Amino acid sequence: MPATRVAAARYVQEHSAPGDVVATNAHCRAVVNGWCDARSFWVSAYTQRSVLVEGWAFAPRMVGVPGGPYAPFWDAGRLRANDAAFTTPTADGLADLRDTYGVRWLLVDRRVAPESPALATLADLRYTNARTAVYRLR
């Protein structure tokens, strides 16, 4: 695990409340032939917080689902809302994440994809390093 990822996640853990929810763009352990290997759980592990969408291959509802760790996430709307926060953020979209799902923090893994420049105008950048960024929703 790169130290940059751990540092960003620890920042969230140290500056958030136990009930806060984190959204991230780091869902996949790897992408194989265009399919997400959904066994990533480092954000929840190091932040010690609930994550809106992460590592769904381990969810009880995924037992026996065809595709194993490559099966798609079961709530396409939630996944779209989560991912839009990083790729095409809007004030309404971020407010929906906050008010509907309890998201307070956004953790960006820039090796997955860099965040939209618009995000800095809609949320507060609280931490950054060469690989990651952490935003606090307003």
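Spatial offset of segment 66-126 relative to segment 1-32 amounts to 13 Å, using the alpha carbon center of each.
Across segment 37-76, the residues whose backbone nitrogen lies under 12 Å from the label position 7 Å along the beta-carbon direction of V6 are 46. For the residues A23, A59, A118, a GNM of the chain with alpha-carbon springs under 10 Å puts the largest fluctuation on A59.
The helix-based estimate of mean residue ellipticity at 222 nm for the chain, built from -39,500 (n - 2.57) per DSSP H run of four or more residues and divided by its residue count, is -9500 deg cm²/dmol to the nearest 500. For Kirkwood radius over Cα pairs in Å, the choices are [x] 16.8; [y] 17.8; [z] 15.0; which was calculated from the structure? So the calculated entry is the one marked [z]. The relative contact order of the chain comes to 27 percent, based on Cα pairs under 8 Å that sit 6 or more residues apart. Need one number: % antiparallel among DSSP beta bridges in the chain, to the nearest 5. DSSP beta bridges in the chain are roughly 70 percent antiparallel.
Taking the Cα atoms only, what angle lies between the long axis of helix 76-87 and the longest principal axis of the chain, rounded to 10 degrees? For helix 76-87, the angle is close to 40 degrees.
Coordinate-derived values only; no laboratory data. Because the structure is predicted, anything quoted here is derived from the model rather than measured. Reconstructed Cβ throughout: ideal geometry from the backbone, glycine too, with neighbour counts over all protein chains shown.
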